[in-house]
Amino acid sequence: MSVPRFGLFAGLFLALVLLGSALTSDAAQAAAPELPDVENFAGRDPLVPGSTGIVRAEGDCLNLRESPGLGGRPATCLREGTTVTILPSVVTIDSLRWQMVNTGQLTGWVADQYLQAHVGVPSAGPACAAKPAAYKPGLTGFVPTNGGIGMVVWGGGTLSGVENAALSRGCTPKAVWTSRADGELVGYLYGAPDFVNSAWKTAMPDGWLSGGRVILIVCEDAAGRTTAASITLPGPGGIPAKAPAPVFTGRAQAPTVTAKAVAVVDEASGALIYQKGAHDRLAPASLTKIATAILAVEGIEPTSVVTTDVDSRTMVDSSVMGLIPGDCFATSDLLYGLMLPSGNDVALALARYQAGSDAAFVQGMNTLVKRLGLQNTTFTDPHGLGGELHKSSAYDIAMLSRYGMSLPRFRDVVKTGSYTAKGARALTMYNTNSLLSSYPSADGVKTGFTDDAGRTISVSAVKNGRRVFVVLLNDLYREADSKALLDWAFANHTWP
C-alpha cells in the first residue's frame, strides 16, 4: 500500500485506534514540554524498523504523540536516554520526519531527528540459521506447453498452486500424477467430479503437496486448449456455491455511502446482494496484496526462508514491514508483513522469491484472476502502487477475498491484530484494518490507499454462521460505511 503523506497519517491513525485505549493521562500530556532546537537529522535515513532507538533530547524530554505532526496530541514524555523500538511507519509532516515507535507499553509518533540509533545489531533469529530449501518454488523441469506429459519437481504448495504455475508456463493442465506414501501412483483430473478424484483426496487429505515432490503433469494440446477460466471449479469466483443466495426480507434500503464502487457479497452463494458500480475498473491500491498473498499461500512452503534484496529505507512515504538487504524471514512471517502493515517491501520480496522476478510474478497474478473467472482485473505489480493499467473492480476484489478466506493460512493471517516476526530481527507489526477491533464480527481482510485509488477496503464479517464481504473503492469514510453496509446486510436478509 502506498501511503503518501496525509494518507499514511489517516490510515495509521486508525491503526493506532485499533491498538486500544488512549496512550496516557491529560496530566502527562500537560507536563510534556516542547523540545529545544537540536542537531537536525532530517538528511539521515530513517532508523531501521525493528532496531532500537535512543532518545537524544539534550537532557529534556521528547513528546510521544498519538498522531504524527506538531498538532498530534502529546501522550507522554520520553526522558533523555529512553530506548524505543522502531516500527515500520514513517511520514513527513510539518517539515519534520515522524517515526512510529513503541516504548514497550505505548505506541506513538516522535520526530526522528531526536532519535539516535542504538549501537549494535540485534542477534539473528532461528529463521536465519535455517538452510535454504533445496528446491525453488513453482515447477522445475519440462512443462509440455504444446500438449503431452512432462516430469517436474514441485516447490511446495496446493493443487491450485500447481495449476496456476502450469497456466503461467503456458500449460493448461488436464491431470497430475504423483506417488503415494506406499509408492503407488495416484492422479487428479482437473474439472472432474469428486468421486473421480476420491483416491487422490484420500492420499492427500490436507490438499498440500510438499516441496521436492516429483509430479507428472498432463497438458492439453493446442487443439484442445481453451482458457484458464474454463478449467476452474463451477461457481462464482472459482468456488462452487454451497447454499442458495440470501433473500431480501427487510424494509430498509442500503445505506448511502461515499464510495465510487461498492460490492456486498454473500460467501456461501457468491451472490452479489448489493452493488454500486461493482464492475467498474478502478485502482485497488493495496487490496492488490490479497492476490499476492493467495499466490504465496498456494505456491510457497511456509517454512521456506527468504533472504531479501529489498531495502525499505528507500521506499519513502510507503507502508513497509521494514526489510533491509540481507534480511531473512520465513515465508509465514512475511505473509504477516504483507497483510498487517501492508508491506510494499514484502510484496516485492515474495514476488522475487516465488517467481524469480516482479514481471513473472505479475503474470502469475493475472493468471490467478483468469483462473477464477474474473473479468475486470489487470495487475501490473504485486503491491498496488501501479500505474494506468493496474485496475480491478469491487466485485473482483470481493471474489478474490472470498477465495482467499477459503484458504486456512490466509484466514489466520488477515484476522490477526498484531504479530512479531523473528528472523534477521524481531519486527512487531500491527494490522491497518481497524474493523478487527471496532466491529466484533469482522475477521479480515485488507485496507489500501494511494492518491489515485483513494481509501479502499475489503471486509469480511460473520454473524450467526453467515459470512458477508463488503468491498469499497475510493471511499473517504470506508470504516463507517463498511459497518453500515454490514449491519444492513445482516439485518435485512434471510438465509435459506
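Entry remark, region 378-390: residues being of a type outside the set (D, E, K, R) and farther than 21 Å from VAL346 by Cβ number 2 in total. Taking region 397-421 as the range and being free of Cβ contacts under 8 Å to residues at least 40 places away in the same chain, over 14 Å from GLU298 (Cα atoms) and charged (D, E, K, R) as the test, the residues that pass are ASP412, LYS415. Scanning region 186-236 for residues that are at pLDDT 90 or above and either loosely packed, with under 13 Cβ neighbours inside 10 Å or assigned by TED's automatic domain parsing to the domain that holds ALA268 (or both) yields PHE195, VAL196, SER198, THR202, VAL214.
Pairing residues of region 302-329 that are assigned by TED's automatic domain parsing to the domain that holds MET429 and on the phi > 0 side of the Ramachandran plot with residues that are β-branched (Val, Ile, Thr) and buried (at least 21 other Cβ atoms within 10 Å of the Cβ), at Cβ distances under 7 Å and at least 6 apart in sequence or on separate chains, gives ASP317/VAL3; ASP317/VAL91; GLY322/VAL48. Only one of the listed residues (ALA241, ALA259, ALA263) is surrounded by fewer than 21 Cβ atoms within 10 Å (Cβ to Cβ) and either of a type in the set (A, V, I, L, M, F, W, C) or modelled with pLDDT under 95 (or both). That residue is ALA241.
The helices (runs of 4 or more DSSP H) found wholly in region 373-440 and carrying at least 2 residues that are crowded, with 22+ Cβ neighbours inside 10 Å and charged (D, E, K, R) occupy 394-404. State whether one or more residues within region 326-333 are assigned to a strand (DSSP E or B) and either among the aliphatic types (A, V, I, L, M) or at pLDDT 95 or above (or both). Within region 326-333 (the criterion being assigned to a strand (DSSP E or B) and either among the aliphatic types (A, V, I, L, M) or at pLDDT 95 or above (or both)), the answer is yes, since at least one residue qualifies.
In region 344-363, the residues that are closer than 20 Å to LEU287 by Cβ reach residues that are among the basic types (Lys, Arg) with C-beta atoms within less than 8 angstrom, at least six apart or across chains, in these pairs: ALA347/LYS289; ASP358/ARG352; PHE361/ARG352. Reported count of residues in region 377-433, each being at pLDDT 95 or above, closer than 18 Å to THR456 by Cα and acidic (Asp, Glu), is 2.
The values are calculated or read from the model by the stated rules, or taken from the named source; none is laboratory data. Please read these numbers as outputs of a predicted model, since none were measured by experiment. Glycine gets a Cβ as well: all are built from the backbone with ideal geometry, and neighbour counts include every protein chain shown.
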